[in-house]
1. Taking only pairs that are 8 or more places apart or on different chains, how many Lys pairs in the stretch 239-360 have Cα atoms under 21 angstrom apart?
2. Carbon and sulfur together cover what percent of the accessible area of the chain at a 1.4 Å probe radius?
3. Specify which residue in the list LEU36, ASN97, GLY198 is farthest towards the positive end of the charge dipole of the stretch 2-252, using unit charges on the beta carbon of Lys, Arg (+1) and Asp, Glu (-1), about the Cα centre.
4. Heavy-atom accessible area per residue, the chain, 1.4 Å probe: how many Å²?
5. Distance between the C-alpha centers of the stretch 178-194 and the stretch 39-57? Whole Å please.
6. Taking the Cα centre of the stretch 259-350 as origin and charging only Cβ (+1 Lys, Arg; -1 Asp, Glu), how large is the dipole, in debye to the nearest 20?
7. Putting +1 on Lys and Arg Cβ atoms and -1 on Asp and Glu Cβ atoms, find which of ILE156, LEU350, ILE280 reaches farthest to the positive end of the dipole of the chain.
8. Percent relative contact order of the chain, based on C-alpha pairs within less than 8 angstrom and at least six residues apart?
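The values are calculated or read from the model by the stated rules, or taken from the named source; none is laboratory data. Please read these numbers as outputs of a predicted model, since none were measured by experiment. Neighbour counts run over all protein chains shown; Cβ positions are idealised from the backbone, glycine included. For the accessible areas, the whole protein counts, side chains as well, though only heavy atoms, and no ligand, DNA or RNA atoms are used. Shrake-Rupley method; radii C 1.70, N 1.55, O 1.52, S 1.80 Å.
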Amino acid sequence: MEENITLNKRPKIIAGPCSAESFDQLLTTARALKKLGIETIRAGVWKPRTRPNSFEGIGVKALEWIEKIEQELDVTFTIEVATAAHVEQALKHNIDNLWIGARTTVNPFIVQEIADALKGTSTKVRVKNPVNPDLALWLGSIERVINAGISEVGAIHRGFSSFRKSKYRNEPVWQIPIELRRHMPEMELICDPSHIGGSRSMIFDISQKALDMGYDGLMIESHIDPDNALSDAKQQITPYKLKEIIDSLTIRRHTSDDLHFKTKLEELRDKIDSIDHDLIETLSSRMKIIQLIGEYKRDNNVTIFQLERWKEIIRTRPQWAKSLDLTPEYIEELYKIIHEESLKTQTEILNNKPEKSNIN
Ligand code: PEP
Ligand code: MN
């Protein structure tokens, strides 16, 4: 059923340094990556940094290096553009494979200016997800690029920033790229495990998960000397390490035509359908009790939110779940949703229905 990736069977892999730093760094990295069979090499030329005084990229000079290396090695580079002027400079240097970064996707005005600058060109453009977990913003940016007449458009999932303490640099929130797929099933979807994980050790697992979810490819930061990289040093890997990762990835088929497989899958899905039916019936019975409690609170002039009761629920349910082999965090999140809906229902009961007040 499973097969290891061989050079001509693997998903699309884009790799290269976070930033172009010097001609030599770019050339030696590109040379090593080309040896691995990587056709598209990434490099940041203008770096959108959160704080000033960090390395902000080489700028136009790097475009000259890239143009030269593309010819010398017969490779394609892809670079980030964040303004219409960047697009013009890139095209002037015959670089026609571009991506729009996460901090740019959040701004419809700039994305529109970039889209306008792309009109009439045959550029390949990939759009990274916005920094905040907002599917509509991501879809909107992609639509602006498509509406500019660009036919080769892709999406890059690089994760989302979050207030929550997390093991990720940017939380993946897999549900958002899955929804993007539902809206745009033909759109190329690439995962960027480097910016999701933010550390070398996480690249393999995130990449494998993305492939298991049917992504079309990966964008991985690779630097000839990662420890001394001028940006994102902690997450960059050598081309040698990249090869090791690629060689250990498993690719799986989207589906199988095997009759036995199909019958068995259908059988199991029938079971899921029936369980889901029961699940929804149970939620409905629970909600009926919630309504009764709402009426009871209303009639006794008691507040809806009862902190002690909520603390007890959020403590006990994850514990019960644990003993049934469910992750406590999963059940905790589920109960937050259930509780929110219960509060909403009881608020409606307290505010919209005629009060049977017992205050005379
Ligand atoms: C990058 O690719 O180096 C980069 C700055 O990415 P992002 O826009 O995802 O932060
Ligand atoms: Mn980077």
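1. 18
2. Values: 10900 of 20360 Å².
That fraction is 54 percent.
3. So the residue we want is GLY198.
4. Details: 20360 Å² over 360 residues.
Ligands and nucleic acids excluded, the figure is 57 Å² per residue.
5. The distance from the Cα centre of the stretch 178-194 to that of the stretch 39-57 comes to 24 Å.
6. On the way: 15 positive and 18 negative charges, 48 e Å.
I would put it at about 220 debye.
7. It is LEU350, whose Cα lies furthest towards the positive end.
8. Numbers: 548 pairs, mean separation 50.3, N = 360.
It rounds to 14 percent for the chain.
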